Amino acid sequence: MSGTVVSAVGLERTYGSGETATRALTGASLDLAAGELVVVRGPSGSGKTTLLNLTGGLDRPDGGSLAIMGTDVTAATPADWVQLRRSTIGYVFQAFALIPHLSAAENIELPLRVIGTPVAERDARVAELLDAVDLGAHANQRPSELSGGQQQRVGIARALANRPKLLIADEPTGQLDSLTAESMMALISRLVHEQGVAAIVSTHDPKMSAAADRVVELHDGVLGVRPHGRHLA
Ligand code: ADP
């Protein structure tokens, strides 16, 4: 299908082996389209991080297949995969993961430096992103001088710097108060739609699903099945 950014079929991941093995993900299949925000919901330990790490290529599945932009990444060499990751995927982290001694603008600029974007183009893109996340007035401040919500907006801008096709955000609102968290999800949703990025965002908070185009639920490593006798909504 055109517009398909991620096609995951039957992903499996087991940690450890023998008696202590944990089957973290079982037969997970998921498609993500350009411009679509999918929220993955589920209690702690249900496999959300595992699913996002596999989808974003930070870990490899034990079974199943994963294609990103039509490339079968389960068959790619590690070097090809790093290349694809850098040019195609942006990551947002729960703990922001900003570089403390760099300003907001410099943090956003970093991925552009890594791929050797020319200075003028870099400057223009950083200004555009600061504007998109409403941080123009805070460009020169360091992370410690920004609120949690502002830091996560820097994190989102940085993730989008290289114009990724896929945005992976693992509990991006986990360290924010609920009001800030809701506005962060709305921001991610707006940027995903404006920039035509496919996004997969995990949360354990049901309230964070409002901004999603689609919500999938994980329970004990199984996607989309509601647990018996337990209410997740
Ligand atoms: P969630 O993100 O929903 O909290 P995770 O994907 O982190 O869930 O974890 C799913 C299951 O896999 C849990 O039982 C967890 O304890 C286990 N797990 C996760 N990472 C590891 C690991 N590196 N080694 C062993 N078990 C792990």
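The values are calculated or read from the model by the stated rules, or taken from the named source; none is laboratory data. Quick caveat: nothing in here was measured; it's all calculated off a predicted structure. Virtual Cβ from ideal backbone geometry, glycine too; neighbours counted across all protein chains shown. Keep in mind that these areas ignore ligands, DNA and RNA; they rest on the heavy atoms of the full protein, side chains included. Shrake-Rupley method; radii C 1.70, N 1.55, O 1.52, S 1.80 Å.
The table below gives the values:
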quantity	calculated
Search result, residues across segment 62-81 that are at pLDDT 90 or above and open to solvent by less than 30 Å² (accessible area, probe 1.4 Å)	Gly63, Leu66, Ala67, Ile68
Filter pass, Leu37 being in contact with a Ser or Thr (Cβ under 7 Å, 6 or more places away or on another chain) and at pLDDT below 90	no
Flag for Gly149 being modelled with pLDDT of 90 or more and within 16 Å of the ligand (Cβ to nearest atom)	no
Residue, surrounded by the fewest Cβ atoms within 10 Å (Cβ to Cβ), within segment 7-20, restricted to residues that are within 11 Å of the ligand (Cβ to nearest atom) and modelled with pLDDT of 95 or more	Tyr15
Exclusive hit being more than 16 Å from the ligand (Cβ to nearest atom) and modelled with pLDDT under 95, set Ser87, Ser29, Ser44, Ser103	Ser87
Residue check, Val39 part of a strand (DSSP E or B) and within 16 Å of the ligand (Cβ to nearest atom)	yes
Of the criteria (1) away from the ligand (no atom under 15 Å from the Cβ); (2) open to solvent by less than 50 Å² (accessible area, probe 1.4 Å); (3) assigned to a helix (DSSP H, G or I), which one Leu51 fails	(1)
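Conditions tested, residue by residue: (1) touching an Asp or Glu at 6+ places or on another chain (Cβ under 6 Å); (2) on the phi < 0 side of the Ramachandran plot.
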{"position": "Ser29", "(1), (2)": "no, yes"}
{"position": "Val39", "(1), (2)": "no, yes"}
{"position": "Gly45", "(1), (2)": "no, no"}
{"position": "Thr50", "(1), (2)": "no, yes"}
{"position": "Asn53", "(1), (2)": "yes, yes"}
{"position": "Ala67", "(1), (2)": "no, yes"}
{"position": "Asp72", "(1), (2)": "no, yes"}
{"position": "Gln83", "(1), (2)": "no, yes"}
{"position": "Val92", "(1), (2)": "no, yes"}
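One line per residue, one yes/no per condition, for (1) within 15 Å of the ligand (Cβ to nearest atom); (2) free of Cβ contacts under 8 Å to residues at least 40 places away in the same chain:
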| residue | (1), (2) |
| --- | --- |
| Ser178 | no, yes |
| His193 | no, no |
| Val197 | no, no |
| Ala210 | no, yes |
| Val215 | yes, no |
